[in-house]
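Structure first, then comments.
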Amino acid sequence: MVTGVVYSTFCLMAKLFTSLGLGAIVSLAEYFFVLAGGLVLHAAVTYSAMLKVFSGLSPFVFLRKMEDAIMFAFSTASSNATIPVSMETTTRRMGADNKIASFTIPLGATINMDGTAMMQGVATIFIAQAFNVDLTMMDYLTVILTATLASIGTAGVPGVGLVMLAMVLKQVGLPLEGIALIMGVDRLLDMIRTAVNITGDCAVTCIVAKSEGALDENRFYDMHAADEDEKIIFKPSAQR
């Protein structure tokens, strides 16, 4: 049954793109790469700069140790599901005290949705251009404010960003039908922005832990920290 749904969706999307023409596909590809590039830039540059300025820790070591958490967040597209992995990464691999991580990680998974806010802003402009609607400066300010507030209230589950996008579109008078234009590529973008969100959660955790004197820097710079916890040793059972 699942295979039938996949084939049916593929046929519907193929029919839609053949009716829209090549120009619409190119515009959608531009939207995808602009947003994906912005998300990667935000995670690699903004968070790294914050970590270096406010804590003095190495962004390269941080990003290297974030690999497992980023891959898990990318595959699940859920900040809430990634909480245990983020906790493991910040405490055992980066040396943050559990009392800090147990507060900042769940809080970040609830309100720190930078990737979602970026998506809603870029998507709103893309949909406005698709429907030939000119946005005023006040509209742009409204989008910024609404997208920020909507991202704070967004649940950390897959696909909910599109639901909150409807509220942003309504505030600037854009048709809600525009969401269908980006729905086909949003799943992959959702995976990317989830990885960005949890990267911010872990970066802030390290910053707060360092400021409170609750960060083990030796563990942070130890590239093999917590590796021994990941090893599974099988012992033969005693013969009876």
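Remarks
- Taking every residue in the range 83-105 that is in contact (Cβ under 8 Å) with a residue 40 or more places away in the chain and of a type outside the set (V, I, T) and pairing it with any residue that is open to solvent by 10 Å² or more (accessible area, probe 1.4 Å) and in a strand (DSSP E or B), at least 6 positions away or on another chain, the pairs with Cβ-Cβ distances below 7 Å are G95/L215; A96/L215.
- Among the residues of the range 38-82, just one is open to solvent by 40 Å² or more (accessible area, probe 1.4 Å), of a type in the set (V, I, T) and touching a helix residue (DSSP H, G or I) at 6+ places or on another chain (Cβ under 6 Å), namely I70.
- The lone exception for N218 - which of (1) modelled with pLDDT of 90 or more; (2) open to solvent by less than 70 Å² (accessible area, probe 1.4 Å); (3) under 16 Å from R93 (Cα atoms); (4) not hydroxyl-bearing (S, T, Y) it fails: (2)
The values are calculated or read from the model by the stated rules, or taken from the named source; none is laboratory data. Owing to the predicted nature of the structure, the values given are computational and were not obtained by experimental measurement. Glycine also receives a Cβ, built like all others from the backbone with ideal geometry; neighbour counts cover every protein chain displayed. The protein model used for the area step is the full one, side chains on, heavy atoms only, and it has no ligands, DNA or RNA in it. Shrake-Rupley method; radii C 1.70, N 1.55, O 1.52, S 1.80 Å.
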